[in-house]
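**Student:** One structure, pasted below without further comment.
The values are calculated or read from the model by the stated rules, or taken from the named source; none is laboratory data. Quick caveat: nothing in here was measured; it's all calculated off a predicted structure. In this analysis, Cβ positions are derived from the backbone assuming ideal geometry, glycine residues included, and neighbour counts consider all displayed protein chains.
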Amino acid sequence: MEQTLSCLHPNPGWDNAQTHTPASAPIDSATDMVGKHCILELYDCDKSKLDDEAFLRTTITTAAKRAGATLLNLITHRFEPQGVTGLALLAESHISIHTWPETGYAAVDVFTCGDHTMPEKACQHLRDELKAMNHALRSFLRETPSAVAEVERTPECTPR
């Protein structure tokens, strides 16, 4: 059975002869949306929640579900004396969070590819659960340049 990876953005490891565009070459206009990327700044959050690794794991898991994404793996790390970093690997891309409980701040990154996901819903859930009094959300579309979108791509695999 052949597996397709339709939501992947071009990256190293793919057949460079077919997909490489030199940095000096003009970039064609985008033709295909790869996904949506949200950058969320959360301010004046509940400091105890920003330092609660178990709470953040549950909150990130629910945020992924709210976005309509498929959670593949979740890793977190609690720092001493405070702070947590979490990374959710999604079938559609990722959610990351870095917290600074001492200032009530969290930096969140949500990138989902495809058109079936809603990363803004993940951001809303994180904002609500962390009780952010203020926030800034920037979102933008990730797009595939037409020079890449029109080329059939297959991952280079080397048998081990």
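**Student:** Considering every residue within the range 64-82, establish whether at least one is out of contact with any strand residue (DSSP E or B) (no Cβ under 9 Å at 6 or more places or on another chain), in contact (Cβ under 8 Å) with a residue 12 or more places away in the chain and surrounded by fewer than 16 Cβ atoms within 10 Å (Cβ to Cβ). I'd like the intermediate steps shown before the answer.
**Tutor:** First, the residues of the range 64-82 that are out of contact with any strand residue (DSSP E or B) (no Cβ under 9 Å at 6 or more places or on another chain): 66, 80-81.
Next, from what is left, pick out any that are in contact (Cβ under 8 Å) with a residue 12 or more places away in the chain: 66.
Subsequent filtering for residues that are surrounded by fewer than 16 Cβ atoms within 10 Å (Cβ to Cβ) retains none.
The answer is no, given that none of the residues of the range 64-82 is out of contact with any strand residue (DSSP E or B) (no Cβ under 9 Å at 6 or more places or on another chain), in contact (Cβ under 8 Å) with a residue 12 or more places away in the chain and surrounded by fewer than 16 Cβ atoms within 10 Å (Cβ to Cβ).
**Student:** Of all residues in the range 125-144, which are of a type outside the set (Ser, Thr, Tyr), surrounded by fewer than 18 Cβ atoms within 10 Å (Cβ to Cβ) and in contact (Cβ under 8 Å) with a residue 12 or more places away in the chain?
**Tutor:** To start, the set of residues in the range 125-144 that are of a type outside the set (Ser, Thr, Tyr) comprises 125-138, 140-143.
Cutting the leftovers down to surrounded by fewer than 18 Cβ atoms within 10 Å (Cβ to Cβ) gives us 128, 131, 133-134, 136-138, 140-143.
Of everything in the range 125-144, those that are of a type outside the set (Ser, Thr, Tyr), surrounded by fewer than 18 Cβ atoms within 10 Å (Cβ to Cβ) and in contact (Cβ under 8 Å) with a residue 12 or more places away in the chain turn out to be LYS131, MET133, ASN134, ALA136, LEU137, ARG138, PHE140, LEU141, ARG142, GLU143.
**Student:** Looking at (1) assigned to a strand (DSSP E or B); (2) in contact with an Asp or Glu (Cβ under 7 Å, 6 or more places away or on another chain); (3) modelled with pLDDT of 90 or more, can you tell me which one THR144 breaks?
**Tutor:** It is condition (3) that THR144 fails.
**Student:** If I filter the range 83-106 down to residues being in contact (Cβ under 8 Å) with a residue 24 or more places away in the chain and out of contact with any Ser or Thr (no Cβ under 8 Å at 6 or more places or on another chain), which single residue comes out as surrounded by the most Cβ atoms within 10 Å (Cβ to Cβ)?
**Tutor:** It comes out as ILE95.
**Student:** Further question on the same structure: Report, by residue number, each residue of the range 45-83 that is over 20 Å from LYS121 (Cβ atoms), in contact with a Phe, Trp or Tyr (Cβ under 9 Å, 6 or more places away or on another chain) and outside any loop (DSSP other than H, G, I, E, B).
**Tutor:** Selection gives SER48, LEU50.
**Student:** Also, I was wondering about something else. Whether any residue in the range 111-119 is free of Cβ contacts under 8 Å to residues at least 24 places away in the same chain and assigned to a strand (DSSP E or B) is what I want to check. Give the steps one after another, and end with the answer.
**Tutor:** Filtering the range 111-119 down to residues free of Cβ contacts under 8 Å to residues at least 24 places away in the same chain leaves none.
No, the range 111-119 contains no residue that is free of Cβ contacts under 8 Å to residues at least 24 places away in the same chain and assigned to a strand (DSSP E or B).
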